[in-house]
Amino acid sequence: MEKIISLCKRRGFIFPSSEIYGGFSSSYDFGPLGVELKRNIKEVWWQEMVQLHEQIVGLDAAILMAPKVWEASGHLSAGFADKLVECKKCHKRFRFDEIANSKSKIQNLKCPECGGELLPPRKFNLMMKTYVGPVEDESSIAYLRAETCQGIYVNFKNVLTSMRLKLPFGIAQIGKAFRNEITPKNFIFRMREFEQMEMQWFCHPKEADKWFEYWKERRLNWYINFGVKKENLRLVEIPEGERAHYAKRQIDLEYKFPFGWKEIEGIHNRGDWDLSRHSQFSGEDLNYTDPETGEKFIPYVIETSVGVERSLLAFLVDAYEEVKGGRTTTTQATKEVEVVLKLHKSLAPIKVAVLPLVRNKEAIVKKAKEVFELLKPHFMCQYDEVGSIGRRYRRQDEIGTPFCVTIDFDTLKQEDVTVRDRDTMKQERVEIKNLPDYLKEKFRSSL
Ligand code: ATP
């Protein structure tokens with residue numbers, strides 16, 4: 001993790017928030033490369049969930065919602081709370097489930113920091129509060145949403161009627177969520193502000209089990225298709241008693257992080273919990289009427305819910321490779337360890353680097369800039385002329401750039417360039433006029 005965190009900072013992926021003020025607990029800012037990676041993850045998720053499923057539509061609901069929503073959803077009651085324990089001596093607070101298991105007795109536990117005695121656990125609600133409007137009183141309290149899906153449930157009817165949908169269908173959304181986590185940690189794994197990509201699949205209750213299986217497999221395969229190693233992923237069935245308050249069935253999709261197996265995505269059968277509660281609390285009838293049979297019922301919901309940053313961390317960790325002794329054959333430089341980020345081509349923040357072989361030959365630099373202009377409208381490109389060519393290849397390997405295009409002396413005679421593949425390190429000569437199509441085909445065939 002130390003290496004990943006340092007790479008993220010050094011190469012402009014992720015910075016601690018408000019760093020010049022000493023940082024701000026558990027908040028992170030995404031730098032120029034981080035923001036590209038994040039955009040790409042969201043893009044491929046949207047393609048997978050919305051573009052490839054004609055029965056799934058998108059939504060972008062507001063973060064602030066009527067507070068009643070959170071009463072109905074169960075988040076304001078004890079349902080959405082972690083058990084917190086406090087040390088009598090150092091007053092540090094911990095999540096009970098992180099220092100104990102369900103059978104542990106508080107008397108037998110000690111403070112993990114100072115060994116002090118712990119106070120009995122109490123429930124701590126994770127909702128973030130704010131005030132809406134100029135007066136800060138009870139009536140102006142609002143909450144920053146703790147999960148994006150409530151915006152979907154309250155719009156169920158709007159979407160159903162405006163889009164003339166029939167069951168089964170899904171609504172997908174990407175957006176910020178906020179949780180006042182007791183112990184945010186492990187870099188961007190657990191934060192208080194994060195982004196979720198959620199899809200709610202509405203179906204007939206009798207079909208819920210079938211769809212649960214479908215989405216479980218589909219979601220697992222999504223990670224594998226985008227390059228995550230199979231052996232680093234697993235599905236864990238959560239037994240009754242340990243599930244989220246809304247879940248009839250719950251599977252955690254876990255990734256093997258350097259700090260252990262941890263959830264990156266939850267697949268839940270939420271039954272009719274949310275729609276019936278919103279019907280009850282709002283007075284709005286959220287039943288669905290089958291146009292063929294006339295049957296009236298509250299649909300069941302299968303949810304797939306993943307954190308953008310958590311999946312980003314898994315993609316990064318999985319892609320990170322160190323090559324001892326160096327992998328670059330074109331330079332003498334390499335007794336050191338070289339880093340390659342083997343991100344899937346669709347996820348790589350920079351797709352193509354354009355590199356003039358030397359910077360002191362005007363004709364080469366001019367040609368390289370022409371190639372850069374040619375490629376820029378098609379791919380996220382970076383132009384780099386600083387340092388030896390070997391060093392520049394390594395800089396691109398370290399940020400996961402799939403292709404480096406080098407403009408050399410032969411280019412001036414032949415109108416062609418060298419294209420270097422990050423993974424195979426093979427170099428191919430390609431005519432400049434064919435370059436956009438050649439690269440497009442490479443990206444297409446990686447899907
Ligand atoms: P955990 O048990 O780790 O707290 P959870 O079971 O509460 O997670 P869900 O409510 O199922 O998580 O949320 C779905 C997804 O949202 C998680 O799989 C994770 O990817 C992401 N997520 C949840 N909480 C956080 C957080 N504090 N920081 C970053 N991502 C989060």
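The values are calculated or read from the model by the stated rules, or taken from the named source; none is laboratory data. Quick caveat, the model's predicted, so the values are computed rather than measured. Counting neighbours? That spans all protein chains shown, and the Cβs are built from the backbone with ideal geometry, glycine included. Note: areas computed on protein heavy atoms with side chains; ligands, DNA, RNA excluded. Shrake-Rupley method; radii C 1.70, N 1.55, O 1.52, S 1.80 Å.
Rounded to the nearest 20 Debye, what is the dipole magnitude of region 374-444 about its Cα centre when Lys and Arg each give +1 and Asp and Glu each give -1 at the C-beta? The partial results should precede the final answer.
Details: 14 positive and 14 negative charges, 37 e Å.
Computed about the Cα centre, the dipole is about 180 debye.
Springs join every pair of Cα atoms under 10 Å in this Gaussian network model of the chain, and among Leu109, Leu435, Leu220 the largest mean-square fluctuation is at Leu109.
Going 7 Å from the Cα of Arg164 in the Cα-to-Cβ direction, what parts of region 272-293 have a backbone nitrogen less than 20 Å from that spot? Counting only backbone N, you get 288-293.
Mean residue ellipticity, 222 nm, helices only, the chain: the sum of -39500 (n - 2.57) across DSSP H runs of n ≥ 4, divided by residue count and rounded to 500, is -8500 deg cm²/dmol.
About the Cα centre, and with charges only on the beta carbon of Lys, Arg (+1) and Asp, Glu (-1), how big is the dipole of region 30-146? Nearest 20 debye, please. Write down the numbers at each step before the final one.
Numbers: 17 positive and 15 negative charges, 154 e Å.
Dipole of region 30-146, to the nearest 20 debye: 740 debye.
Backbone phi angles across region 84-96, fed through the Karplus curve with coefficients 6.51, -1.76 and 1.60 (θ = phi - 60°), yield HN-Hα couplings of 10, 10, 10, 7, 5, 8, 9, 6, 6, 10, 9, 6, 4 Hz in residue order; Gly and Pro are listed as x.
If Lys and Arg each add +1 and Asp and Glu each add -1, what is the summed charge of the other residues whose beta carbon sits under 14 Å from the beta carbon of Phe15?
Working: positive: Lys9, Arg10, Arg11, Lys38; negative: Glu19, Asp29, Glu309.
Its environment carries a net charge of +1.
Which of the listed residues, Leu439, Val44, Leu316, is farthest toward the dipole's positive end in the chain, when Lys, Arg count +1 and Asp, Glu count -1 at the beta-carbon? Result: Leu316, furthest along the dipole toward the positive end. Here region 120-151 and region 178-194 have alpha carbon centers that stand 16 Å from each other.
Across the options Val35, Leu76, Pro16, the greatest Cα extent toward the positive end of the charge dipole of region 1-76 (unit charges at beta carbon of Lys, Arg, Asp, Glu) belongs to Pro16. Residues whose amide H comes within less than 5 Å of that of Glu195, counting only those at least five positions distant or on another chain, are Ala177, Val308, Glu309 (H built at 1.01 Å from N in the peptide plane).
Among Ile99, Ile399, Ile267, the largest mean-square fluctuation in a Gaussian network model of the chain (Cα springs under 10 Å) belongs to Ile99. Dividing the Cα radius of gyration of region 317-400 by its Kirkwood radius returns 1.01 for Rg/Rh.
Amide H contacts under 5 Å for Gly58: Ala172, restricted to partners 5 or more places along the chain or on a different chain, H placed in the peptide plane at 1.01 Å from N.
To the nearest 20 Debye, how big is the dipole of the chain about its Cα centre, given +1 on the beta carbon of each Lys and Arg and -1 on that of each Asp and Glu?
Numbers: 71 positive and 66 negative charges, 255 e Å.
That gives a dipole near 1220 debye.
Here each label is just a point 7 Å from Cα along the line to Cβ, and for Leu84 and Ala62 those points are 2.8 nm apart.
For region 120-133, backbone phi angles converted through the Karplus equation (6.51, -1.76, 1.60; θ = phi - 60°) give residue-by-residue couplings of x, x, 9, 7, 10, 6, 8, 6, 8, 9, 8, 10, 10, x Hz, Gly and Pro being listed as x. Remark on the chain: Rg and Dmax equal 25.5, 80 Å (Cα only). Under 5 Å from the amide H of Asp29 lie the amide H atoms of Phe15, Ser17, each residue being 5 or more positions distant or on a separate chain, with H modelled from the backbone and absent for Pro and chain starts. If you take all other residues with their beta carbon under 13 Å from the beta carbon of Trp211, and give Lys and Arg +1 and Asp and Glu -1, the sum is +3.
What FRET efficiency do you get for Val35 and Val358 if R0 is 30 Å and r is their Cβ-Cβ distance, rounded to the nearest 0.05? Efficiency, from the Cβ-Cβ distance: 0.40.
Using a 1.4 angstrom probe, figure out how much accessible area the chain has per residue, in square angstrom, rounded to the nearest whole. Could the numbers behind the result be given before it?
Details: 21620 Å² over 447 residues.
Result: 48 Å² per residue.
Of Phe96, Gly151, Leu275, whose Cα points farthest to the positive end of the dipole of the chain (charges on the beta-carbon: +1 Lys, Arg; -1 Asp, Glu; origin at the Cα centre)? Result: Phe96, furthest along the dipole toward the positive end.
For region 265-422, give the share of DSSP beta bridges that are antiparallel, in percent and rounded to the nearest 5; count only bridges with both residues there.
On the way: 16 of 24 bridges.
Antiparallel bridges: around 65 percent, rounded to the nearest 5.
Rounded to the nearest 5, what % of DSSP beta bridges with both residues in the chain are antiparallel? Restricted to the chain, the bridges split so that about 85 percent are antiparallel. Accessible surface of the chain, 1.4 Å probe: 50 percent of it comes from carbon and sulfur atoms. Separation of region 1-24 and region 336-354, taken as the distance between their Cα centroids, equals 19 angstrom.
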